[in-house]
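Beneath this line is the structure, given in structure tokens, with notes to follow.
The values are calculated or read from the model by the stated rules, or taken from the named source; none is laboratory data. Just so it is clear, the structure is predicted and the values come from calculations on it, not from any experiment. Virtual Cβ from ideal backbone geometry, glycine too; neighbours counted across all protein chains shown.
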Amino acid sequence: MSSFSTDLKSFADKIDSFLLDYFKQQEQPTKIYEAMGYGLFSGGKKIRSYLTLGAFDLLELEESLAIPVAAAIECVHSYSLIHDDLPSMDNDDFRRGKESTHKKFGESTAILAGNSLLTIAFEILTSDALHLDKETKSDLVFALASCSGHQGIAGGQYLDLSFEGKQQTQEAIIDMENKKTGVLMGFCCEAAAIVGKKKELREELRKIGLDMGLLFQVADDLLDAYGDQQKMGKPSKQDDIKGKVTLLSTLGLESTKKLAENLLNKIQQSLKKYGSKSNRLVTSAEFILKRDH
């Protein structure tokens, strides 16, 4: 296992540990609670958590502050995946090598579990587990809420569904993918500037995260078309089957690869001034592009 993979897993384990402790405090003998855990503790790489840690590195902020913020982000991300998999959305039966939450627990329970994970994200950010002043917590809540609703994840999912089977411009597709994937990764990076009270860096770091998100989505589209479904833990070539509009389907393979390379170069150049403090973010970007699942 590479040093990056070891570091990625180590921080993912810390996030899981934090969330397990947090969930134990809220334990309920209900299927909703069980479904929440099923969707949240599903073995994902937690690359968003690692981006958060990497952004905190830039400003030399303590890891202990990054952990609750990253945990809240994972709750939002898991909510979005549970809802995305629903029959009324992307209608996916498998996620990360196991049944989707709605296949395991039923649609209504999956919807309620997703809703509950979304709200828990904001509980975490306002709880005593995050040792920050109330103004900073409020700024974090506002920024995360802004990228979770119709201007962000939900709006991106709406566009993704409404674009199916219809030609779109490159600009429209990038806007959709920025909302669907990019804004949450933008928050991962912007959160460091919020916690570090560096107002002048918020937009700069958010844009780096947005570029990370677009790179992630382009790599995801390439994996869907050419990846090994055994490694991915879900069927491949689903975008074509569902008539999804992607940069790959619009630009073609070579132009999409070139776009991804340009994005990686842009991220590397944006982080250059931070020197070794940007190591985690730079290696994350390289991993995002080269991953096989």
Whichever residue in the stretch 208-229 is part of a helix (DSSP H, G or I) and at pLDDT below 85 and, among such residues, is surrounded by the most Cβ atoms within 10 Å (Cβ to Cβ):
ASP224
Search the stretch 108-131 for residues that are among the aromatic types (Phe, Trp, Tyr) and pair each with any residue that is assigned to a helix (DSSP H, G or I) when their beta-carbon atoms are under 8 Å apart and the residues are at least 6 apart or on different chains.
PHE122/ALA72; PHE122/VAL141; PHE122/LEU144; PHE122/ALA145
How many residues are touching a helix residue (DSSP H, G or I) at 6+ places or on another chain (Cβ under 7 Å) and either hydrophobic (A, V, I, L, M, F, W, C) or surrounded by 15 or more Cβ atoms within 10 Å (Cβ to Cβ) (or both) if we restrict to the stretch 93-110?
7
Looking at (1) in contact with a Ser or Thr (Cβ under 7 Å, 6 or more places away or on another chain); (2) of a type in the set (Lys, Arg); (3) modelled with pLDDT of 95 or more, which is the only condition ARG95 fails?
(3)
Of all residues in the stretch 14-29, which are exposed (fewer than 15 other Cβ atoms within 10 Å of the Cβ) and modelled with pLDDT of 95 or more?
SER17, LEU20, ASP21
Picking from GLY44, GLY37, the residue that is surrounded by 15 or more Cβ atoms within 10 Å (Cβ to Cβ), touching a residue at least 12 places away in the same chain (Cβ under 8 Å) and under 14 Å from the mean Cα position of the chain (by Cα) would be GLY44
Sole residue being in contact with a Ser or Thr (Cβ under 9 Å, 6 or more places away or on another chain) and under 19 Å from PHE56 (Cβ atoms), chosen from LEU248, LEU223, LEU214, LEU271
LEU271
Restricting to the stretch 1-48, name every residue that is over 19 Å from THR119 (Cβ atoms), in contact with a helix residue (DSSP H, G or I) (Cβ under 6 Å, 6 or more places away or on another chain) and of a type outside the set (D, E, K, R).
PHE4, LEU8, PHE11
Those residues that are closer than 16 Å to TYR38 by Cα and in contact (Cβ under 8 Å) with a residue 60 or more places away in the chain, I need them from the stretch 48-78; list them, please.
VAL76, HIS77
Could you say which residue among ARG202, ARG206 is out of contact with any Leu (no Cβ under 9 Å at 6 or more places or on another chain), closer than 28 Å to SER255 by Cβ and of a type outside the set (Val, Ile, Thr)?
ARG206
